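Below is one structure, written out as structure tokens; comments come after it.
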Amino acid sequence: MRKFLTLCSCLIFLALAGCSQPPEPSNKLLLWHWMTDRNDTFQKFAQEYQKETGKEVTIQLFAPSDSYSQKIIAAAQANVLPDIYGILDKKSIVADFIKADLVADLTKDMEADGGKWENSLFDKALADRRFDAGNTYGVAPGIYGVPIDVTNEQILYNKKLLAKAGIKAPPQTFDEFVKDAQALKRVGITPFVSGWGELWLLDCFASNYAFNIMGEEKIFDTYRGKVKYTDPDWIKVFSIFAELRDKGVLMDGIVTKGNKYAEQDFALERAAFTFNGSWCVNVYHDMNPDLDYAVIPPPPISTAYPLKIWGSAGSTFVVNASSPNKNSAIAFLKWLTAKEQQVALARETNNLPSNKEALAGVSPILEEFAKGMDQSTHPNIWPLNEDPSVSEAFDKGIQDIIIGEKTPEQVAEEVQKAKDLQMAKGNH
Amino acid sequence: MRTNKYVLWGMTKSTLIHVFLMSVAMTCLFPIFWMIRCAFMTNDTVFVDKALIPHHLNFGNFATAWTQGNFAVYFLNSVIYTVCVVGGIVLISSLAAYSFSRLKFPGKNIIFYLFVAAMMIPLPGSFVALFVLMTKLHLVNTRFGYILCMINVGLSMSILLFKTFFDKMPPELEDAARIDGCTKLGIWWNMAMPFARPAIAVIVIFNSLNVWNEYILATLLLEDSKLMPLQRGLVVFQGANSTDYPVLMAGLTMAAIPIIVVYLAMQKHIVKGLSSGEVLG
């Protein structure tokens with residue numbers, strides 16, 4: 001009897017495991033996302049889309065983003081990914097998804113009608129999911145994602161606090177920035193705050209000035225191991241943080257501050273300048289709707305090379321390559337990134353739209369952020385990136401400079417040591 | 001003189017102990033007080049108003065949390081999940097523990113250690129395997145699938161706790177029951193379970209808390225928002241970049257009430273067990 005029951009259980013299990021049918025095209029689309037603040041707007045869009053086209057789009061929210069990422073990985077392994085989803089991971093993981101045939105190549109659709117769809121979107125945002133010929137990831141060249149918004153990181157200043165210190169115009173150069181900071185200090189205002197407890201934000205700020213001081217070729221040559229971190233130009237980059245520390249520009253505890261806390265400080269007018277991304281418009285609006293502020297790119301320290309800021313796609317959707325509704329999914333994404341929807345999305349969520357034509361409808365502060373897209377770059381679109389262990393030594397070294405534990409020269413030596421170690425291992 | 005010295009020492013000792021206990025209690029209660037305090041504030045005042053009791057009380061956050069967070073549906077779901085999962089865990093783990101403790105069968109120890117070893121695997125480590133299995137069984141996006149997984153999560157610890165109790169149960173009691181004609185199931189129900197009442201209280205509290213606050217597995221296994229537990233309602237107020245703190249705190253306050261009630265209801269059983277020397281685990 002027992003043996004019979006065991007056999008029956010095994011058969012039922014095997015039958016259940018093997019009875020999945022290949023999916024068939026339907027009039028329904030399924031979209032998974034992680035953006036809590038945009039969920040209501042997406043639901044409204046789904047209703048509008050159904051009215052317009054008769055296609056039913058089910059929007060499902062899975063937040064926070066960590067849980068969402070786990071769900072995507074699990075669903076990919078079980079081969080039950082939805083028609084449209086997002087991959088919240090680095091480009092190498094996106095490449096793995098593409099190679100596993102889980103992400104559709106959208107190049108043909110982007111280039112159709114003389115590239116109408118492609119041209120309507122910010123090129124820097126598309127670049128995030130564009131793989132060029134001969135890319136290091138081994139992915140067939142193409143565009144594999146649709147950005148629904150863009151972000152960039154710049155300096156923001158509180159107009160009221162600057163006026164209190166007698167500053168009439170925002171700084172145009174790094175020297176002016178330091179002078180303004182000292183003027184603010186004299187009237188008891190903390191000049192600058194940022195979430196530099198988060199290494200990526202610190203890395204972003206340092207990277208902006210590295211582009212300004214030595215230009216991109218020298219940066220990439222450093223990554224290739226041809227230029228050393230002890231080079232005078234890199235020492236100059238590290239010295240910026242020593243100067244900011246020595247002149248009392250930075251808020252106390254800046255290297256332990258998460259960005260959420262730095263955002264509170266700026267929103268509640270505890271500091272006059274901050275360095276943050278364009279998503280902050282929504283955050284500041286929630287915390288202090290009366291905050292009077294404006295945006296400038298980080299003031300350049302040199303005229304040798306243009307200063308570049310980080311900017312790219314904010315949130316990107318991809319289409320499931322094995323979905324029977326692939327074409328409908330692409331059509332929906334085309335509709336979602338059309339001017340009308342992008343204006344509505346930007347208005348309701350205070351994010352920068354990915355459609356350039358939708359900029360006319362955004363708030364003045366977002367418009368200022370949008371101007372920065374022309375001078376933006378991002379590690380995701382660079383031909384090569386630094387080894388993560390070297391980047392970590394670089395960022396933590398800067399934190400050490402800020403807290404006065406190390407000099408720029410010492411940090412340069414240590415970062416170079418980390419680089420030499422990686423070069424010896426062949427990681428370059 | 002000597003008496004006074006002892007009285008003085010006793011009073012000092014008692015005062016020091018009470019001061020210490022009060023500080024520990026304060027560290028536990030202050031976050032709850034802060035949560036309730038923030039629940040009555042607005043987004044404009046939550047970062048600015050430093051007073052312990054807010055100057056202006058805003059009761060609207062509770063209504064906002066209830067409606068915007070769709071709490072009515074999620075609340076009911078969480079109640080269903082908690083009752084079914086905790087009931088399932090108590091039933092299955094007590095039966096399993098009784099078997100491990102009292103019955104003789106081949107591979108008993110190996111199976112028991114395998115259950116105990118399962119406690120060492122962190123939940124995220126089994127996510128992919130669990131999701132693939134549930135997908136194959138067509139139990140993804142079903143209440144039943146989620147309940148089964150949550151029962152599985154709580155089994156190991158509960159079996160260990162129950163077994164520790166059953167091991168200490170006097171064999172004479174069992175023999176007497178058997179002579180009186182009690183079956184194995186009868187002994188489990190009439191003797192073992194009442195004996196393990198303090199363990200049941202601990203298991204109910206521990207697992208209720210676990211199920212009530214669970215969200216990661218729910219995100220993985222459930223897709224329809226109508227099936228999601230209460231924690232899903234709270235996520236609505238936490239954007240990727242900004243958080244609606246007052247409404248979130250109001251939601252948290254409402255979410256905490258049932259679990260506090262469960263704790264208070266079960267607490268007396270633990271205390272009773274402790275005072276009668278029955279807590280053995």
- Please name whichever of A:Thr230, A:Val295, B:Phe105 sits farthest to the positive end of the charge dipole of the protein assembly as shown, dipole taken about the Cα centre and charges placed at Cβ: Lys and Arg +1, Asp and Glu -1. B:Phe105
- Order of A:Cys280, B:Cys182, B:Cys28 - criterion: other Cβ atoms within 10 Å of each residue's Cβ, fewest first: B:Cys28, B:Cys182, A:Cys280
- Message: If you only keep lysine pairs separated by 8 or more in sequence, or across chains, how many in region A:22-113 come under 15 Å at the Cα atoms?
- Response: 5
- Hits among aspartates and glutamates - C-alpha to C-alpha of A:Lys185 under 18 Å, sequence gap 8 or more where chains match: A:Asp175, A:Glu176, A:Glu243, A:Asp246, A:Asp252, A:Asp265, A:Glu269
- Within region B:67-275, what is the number of lysine pairs with alpha carbons under 25 Å apart, leaving out pairs fewer than eight places apart on the same chain? 13
- Query: Once the Cβ-Cβ distance between A:Lys51 and A:Arg347 is put in as r, and R0 is 25 Å, what FRET efficiency do you end up with, to the nearest 0.05?
  - Reply: 0.80
- Order of A:Leu366, A:Leu121, B:Leu185 from fewest to most other C-beta atoms within 10 Å? B:Leu185, A:Leu366, A:Leu121
- For chain A, set up a Gaussian network in which alpha carbons nearer than 10 Å are linked by springs, and say which option among A:Leu156, A:Leu61, A:Leu359 fluctuates the most. A:Leu61
- Message: Quick check: Cα centre of region A:341-417 to Cα centre of region A:143-217, how many Å?
- Response: 11
- Query: With the dipole of region B:67-275 worked out from charges on the C-beta (+1 for Lys and Arg, -1 for Asp and Glu) around the Cα centre, which of B:Phe75, B:Ile259, B:Ile179 lies farthest toward the positive end?
  - Reply: B:Ile179
- Query: Which whole-number percentage describes the relative contact order of region A:135-216, with Cα contacts under 8 Å and a sequence gap of 6 or more?
  - Reply: 16
- Mean residue ellipticity at 222 nm from the helices of the protein assembly as shown, using -39,500 (n - 2.57) per DSSP H segment of n ≥ 4 over the full residue count, to the nearest 500 deg cm²/dmol? -18500 deg cm²/dmol
- Message: Helix A:39-53 against the longest principal axis of chain A: what's the angle in degrees, Cα atoms only, rounded to the nearest 10?
- Response: 50
- Query: Distance from the Cα centre of region B:78-105 to that of region B:1-68, in angstrom?
  - Reply: 38
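Could you put B:Trp212, A:Trp279, B:Trp9 in order, starting from the residue whose Cβ has the fewest other Cβ atoms within 10 Å?
Exposure proxy ranking, most exposed first: B:Trp9, B:Trp212, A:Trp279.
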- Query: Over all Cα pairs of chain A, how is the pair count split among 20 Å bins, expressed in % and running from 0 up to the last occupied bin?
  - Reply: 23, 51, 22, 4, 0
- Message: I want to check the label-to-label distance for A:Lys417 and B:Leu29. Put each point 7 Å from Cα in the C-beta direction and report it in nm to one decimal.
- Response: 5.2
- Task: May I ask for log10 I(q)/I(0) of region B:67-275 at q = 0.11, 0.15, 0.16 Å⁻¹, from a Debye sum over the Cα atoms as equal point scatterers with solvent left out?
- Result: -0.62, -1.02, -1.11
- Message: Which aspartates and glutamates, if any, have their Cα less than 12 Å from the Cα of A:Lys371, not counting same-chain residues under 8 positions apart?
- Response: A:Glu153
- Spin-label point model (7 Å from Cα, Cβ direction): what's the B:Val83 to A:Lys179 distance in nm? 7.3
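Any read-out appearing in this document is the output of simple, stated calculations on the displayed coordinates, not a laboratory observation. Everything numeric here is computed off the predicted structure, so don't read it as measured data. Please note: Cβ atoms are built from the backbone with ideal geometry, for glycine as well, and neighbour counts cover all protein chains shown.
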